[in-house]
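What follows is a short report on a single structure.
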Amino acid sequence: MTLAMSQEIGILQCTWGLCPVSASWFGYRPSLVMNAIFLVLFTIAFTAHLLLYLRYRTSGFSICLLIGCALEMSGYAGRIIAYTNPWSLPAFFIQINGIGLGPTFFAAGIYLCLTRIVIVYGADISRVQPKVYTYFFIINDIVSLVIQLPGGIISSLSASQGRAPTTGAHIGLAGVCFQVFSLTIWLVLAAEFAIRCYRAGRGAWETRYEKARDTVQFKLFLVGLVVAAVALYARSVYRIIELREGYTGRFARDERAFCVLEGVMIVILSFATALFHPGVGFGDAYPLITEQKAKFPRPWKKHGFFMKDIMRTEALAESSDRVDTLGLNSVGKVTKS
């Protein structure tokens, strides 16, 4: 049966006896072994992150990673279904939404770590106050998700009508491009903060977290975070190249490229964040950092964005308190006399 004849039949009516596998949603028969391995690996990562959450109560970070792992698990389960029937619409739907949206939640977890790193080294060293990193990048991640989600839905609707999901792929591409833009800014700001810490010297670093910073666990956490961020960046760039041609393009139909640049990269991310978990990295300092973070104002409050403005406001408040104290002491002396 030729491809042209299979197209006349319609992809929704295709079976092994009627259409070549090249006419399927995937363009190939997904590897059962490869996808089963990825499903097992993400199940292990999910379990590890769940246990680490129960141990360290790293709520925001762990929830993001757990959702990401769950979506990856569903995506590879869809690809396993596609092994038996690569024309299966549910399999295609599950795969593009699970594997496509999972990394957005991984990105959110990575973004949340920078706030605590800034506090550990010293918020005074940062150009902006710690909460800016949280709000700015989480909002960016939500925007990326809001763009990508309709792309997956439109792709699924197009596929349900037997049409190539080109429009949905291009919408998803816009979301991934925004994610790469956001991740690039995060990497630049993280590097900029590292340079500011280096220039300030250890003497300017926050003293209350000195013990936590000097542990091997904290240093490994920093290494793991960099590895996770680089892996996510590599995957996102690959995704841009893949979606540029749509789901029927050359890269979208290259399973080996998908295996290495999509599957392996996200496996590295999920295991790096589990093996070098922030709960282990920050140790006993984690709840103290959470308390300190809560004391910073919302970034959109007056003088609440840049650290220099917050420091100036605090200095004026302290100066005013000293004046008030001196005034009260003076009144006391006059009364006694």
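Values quoted throughout were computed directly from the atomic coordinates according to the rules given, and no laboratory measurement underlies them. These numbers come from a predicted model, not from an experiment. Here the Cβ is made from the backbone with ideal geometry for all residues, glycine too, and neighbour counts use every protein chain on show.
Side notes on the structure shown:
- Above-threshold pairs, the threshold being 31 Å between Cα atoms, out of Lys211/Lys295; Lys131/Lys219; Lys219/Lys301: Lys219/Lys301
- Most fluctuating residue given options Ala200, Ala91, Ala164, as computed from a GNM of the chain linking Cα atoms under 10 Å: Ala200
- Span-rule helices in the chain, defined as complete DSSP H runs reaching 27 Å or more along the axis (Cα) with Kyte mean at least 1.6: 32-56
- Computed from the C-beta positions of Ala164 and Val40 and an R0 of 30 Å, the FRET efficiency is 0.40 to the nearest 0.05.
- Arg127/Leu288 FRET efficiency (R0 30 Å; Cβ-Cβ; nearest 0.05): 0.80
- Full-extension gain in nm, Thr47 to Val188, via 0.36 nm per residue minus C-alpha separation: 47.6 nm
- For the chain, the list of Cys residues with no other Cys C-beta under 4.7 Å reads Cys64, Cys69, Cys113, Cys177, Cys197, Cys259.
- Mean ellipticity per residue at 222 nm, deg cm²/dmol - from DSSP H runs of n ≥ 4 across the chain, formula -39500 (n - 2.57): -25500 deg cm²/dmol
- Top of Gly17, Gly102, Gly304 by mean-square fluctuation, Gaussian network on the chain, Cα under 10 Å: Gly17
- Counting only residues at least eight positions apart within a chain, or on another chain, the aspartates and glutamates with an alpha carbon under 13 Å from that of Lys308 are Asp124.
- Candidates Ala174, Ala294, Ala285: whichever shows maximal mean-square fluctuation once the chain is modelled as a Gaussian network with Cα springs under 10 Å: Ala294
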